[in-house]
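Undergrad: Attaching a single structure in structure tokens format; questions to follow.
The values are calculated or read from the model by the stated rules, or taken from the named source; none is laboratory data. Just so we're clear, the structure is a prediction, and the values are computed from it rather than from any experiment. Heads up, the Cβs are rebuilt from the backbone with ideal geometry, glycines too, and the neighbour counts pull from every protein chain shown. These area figures cover heavy atoms from the full protein model, side chains too; ligands, DNA and RNA do not enter into them. Shrake-Rupley method; radii C 1.70, N 1.55, O 1.52, S 1.80 Å.
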Amino acid sequence: VDAHKLGFEVRRPRYLGAKDAGSWQQMMELLSWLAIVVNVLLLATSWTFRDYIVTPIVADRDDAACEVAPPNEPEAVTPFGVWSGFNISWHDDRCRSNYRLCFAEVGSVPWLPASEYLDALAYRSQPYYDLLCDPADPHYDARLCSLCGERRYTV
């Protein structure tokens with residue numbers, strides 16, 4: 001008698017399914033739209049997106065058109081130009097690398113090694129632009145600070 005009750009009379013009901021998530025449906029739709037907005041904002045504020053997508057489009061620059069610094073002006077060569085061996089001039093506004101350099105973080109790219117540009121006790125990276133514009137820093141250069149400031153404003 002008990003076996004018959006357990007086996008046939010008191011069983012789990014069949015699954016009927018649901019049309020949607022019920023009261024949670026609107027909340028799920030809202031969260032999915034919110035996720036899209038947040039992801040777009042994260043992408044738009046990332047340095048990779050800025051350096052490789054926004055800078056070339058907005059500034060309409062190309063690395064192939066970089067001007068070489070004159071041999072009698074070694075201070076006109078960018079750190080990227082020294083590192084790469086191309087001797088790219090700071091003054092070339094057609095060069096994408098010059099714009100990228102104004103946004104670069106010291107210690108996060110190979111052409112701006114932390115050992116050369118930061119204090120030995122520094123514990124975090126620092127924007128190259130800040131070093132160029134800090135009168136107390138040995139890499140201070142008012143002319144390049146102004147040039148980088150204009151380039152950062154352009155982008």
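Undergrad: Report, by residue number, each residue of the stretch 76-125 that is of a type in the set (A, V, I, L, M) and farther than 22 Å from Leu147 by Cα. Can you show your working first?
TA: Initially, the stretch 76-125 is screened for residues of a type in the set (A, V, I, L, M), giving 76-77, 82, 88, 101, 104, 106, 109, 112, 114, 118, 120-122.
Once the filter is applied, which keeps residues that are of a type in the set (A, V, I, L, M) and farther than 22 Å from Leu147 by Cα, the stretch 76-125 yields Ala114, Ala120, Leu121, Ala122.
Undergrad: For the list (1) within 23 Å of Thr154 (Cβ to Cβ); (2) at pLDDT below 85; (3) assigned to a loop (DSSP other than H, G, I, E, B), I need the number of the one condition that Tyr140 fails.
TA: Status for Tyr140: all satisfied but (2).
Undergrad: May I pose another question? For the stretch 78-106, which residues satisfy the criterion of being outside any loop (DSSP other than H, G, I, E, B) and among the basic types (Lys, Arg)?
TA: Let us first name the residues in the stretch 78-106 that are outside any loop (DSSP other than H, G, I, E, B), namely 79-84, 88-89, 96-103, 105-106.
Across the stretch 78-106, the qualifying residues are Arg96, Arg100.
Undergrad: Can you find a residue that is under 21 Å from Thr48 (Cβ atoms) and open to solvent by 80 Å² or more (accessible area, probe 1.4 Å) anywhere in the stretch 83-99?
TA: Looking through the stretch 83-99, at least one residue is under 21 Å from Thr48 (Cβ atoms) and open to solvent by 80 Å² or more (accessible area, probe 1.4 Å).
Undergrad: Here's another thing I want to ask about it. Quick one: which of Val38, Val109, Val58 is in a helix (DSSP H, G or I), β-branched (Val, Ile, Thr) and at pLDDT 75 or above?
TA: Val38
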